[in-house]
1. Can you tell me which residues in the range 301-327 are closer than 19 Å to residue 214 by Cα, in contact with a strand residue (DSSP E or B) (Cβ under 6 Å, 6 or more places away or on another chain) and either free of Cβ contacts under 8 Å to residues at least 12 places away in the same chain or not in a loop (DSSP other than H, G, I, E, B) (or both)?
2. From the list 101, 160, 128, which one is modelled with pLDDT of 90 or more, farther than 30 Å from residue 12 by Cα and surrounded by 14 or more Cβ atoms within 10 Å (Cβ to Cβ)?
3. Scan the range 338-352 residue by residue and report those that are surrounded by fewer than 19 Cβ atoms within 10 Å (Cβ to Cβ) and within 22 Å of residue 203 (Cβ to Cβ).
4. Restricting attention to the range 178-197, does a residue exist that is under 21 Å from residue 375 (Cα atoms) and free of Cβ contacts under 8 Å to residues at least 24 places away in the same chain?
5. Confirm whether residue 200 is free of Cβ contacts under 8 Å to residues at least 12 places away in the same chain and assigned to a helix (DSSP H, G or I).
6. For the range 111-153, enumerate the residues that are more than 23 Å from residue 163 (Cβ to Cβ), in contact (Cβ under 8 Å) with a residue 24 or more places away in the chain and part of a loop (DSSP other than H, G, I, E, B).
7. For residue 330, indicate whether it is over 21 Å from residue 207 (Cα atoms) and outside any loop (DSSP other than H, G, I, E, B).
8. Name, by its number, the condition in (1) in contact (Cβ under 8 Å) with a residue 24 or more places away in the chain; (2) under 27 Å from residue 239 (Cβ atoms); (3) assigned to a loop (DSSP other than H, G, I, E, B) that does not hold for residue 11.
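The values are calculated or read from the model by the stated rules, or taken from the named source; none is laboratory data. From a predicted model like this one, the values you see are computed outputs, not experimental measurements. Positions of Cβ are backbone-derived with ideal geometry, glycine not excepted, and every protein chain shown enters the neighbour counts.
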């Protein structure tokens, strides 16, 4: 456990579920998951918290279970921000620095602050800003510009903005439970922390989160979040279609989808049926083939909509790593093949990477991606994770140190001895330098 015993907490507020996680850093720098709580979402529509009363009840239920699980009260949390009105802007900035100027961290902060001054519509705020690239005197800088020499620095920033009400409503809701929003993080940034690799973000990848109420599209290129968008429906519409097509309840439809559903009807067996037992009524039989046809029709509609958003982004030809699908609906059998058939991109299911976690609970399901990403960011905010802390460098003393002085004195004694006995003596000194190993865990 963390030496200070500090508990980190994250709350994923989704359209169909609320997930609360708690954790603490252990001696190896990993995050020990200590508590987990879930509840059905209420008061949230298409990722946006609209009804504070209903949402508070649902969040309190999930947070309460996590508190019981870990044995601690939750006071500060990282939460996710989502919604249809989340947009991405590009801001180009320039800073004149003078001849032969060496770029400092202050220069970089100043040009980023210039980008933050972009004029925004009323009641809209910046939720995230990240540099896309820097140039010094027209020459591209591959990494940080700090240390480069030049007269003019140009930079391009991606600015992600959304209504201020998104964060205000969440903060108002959690405040009722005496919980403070420590930080609000964009949903795609949180989930990408545990779902995507650095190489995928570098070469270009579309992260498609197919949740219950929405389908969120996020595109990363050159390591930067470049585009976000949302399709206002997800796995719930599939459940609704099964309910209506098979004349069953929503609960039965959801169970059928999860246990026997698949995304390509041609792969469903012809002669298999599932029987639903109902009190007072004759059993209802539904064929696997019919179920798959219903699922495929609606899933193809979702694919068409998020593909349109990818083309609209301008990054369709830059997705070197293809599409990564996550969210509860991503586990549908053969969904990857269906998406690849319609888009031509390579597709993989984005399950959370648990290398930085000690997961006593079963949290490797894609539905935990956002909450795990938030928890990782919460732990990182307090200090380094995934590697041992480097020992502080010793301050170099003025003049000869203790060891040096001893060497000089001992050397003098040897010289005196040589003169007395007329004999050669070789004195060998060996410095022992302590190496500090740094273990880096890739996420």
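1. 302, 305, 306, 309, 310, 313, 323, 324, 325, 326
2. 101
3. Listed by number, the residues that qualify are 340, 342, 344, 345, 346, 348, 349, 351.
4. Within the range 178-197, not a single residue is under 21 Å from residue 375 (Cα atoms) and free of Cβ contacts under 8 Å to residues at least 24 places away in the same chain.
5. No.
6. Matches in the range 111-153: 144, 145, 146, 147, 148.
7. Considered against the rule, which asks whether it is over 21 Å from residue 207 (Cα atoms) and outside any loop (DSSP other than H, G, I, E, B), residue 330 comes out as no.
8. (3)
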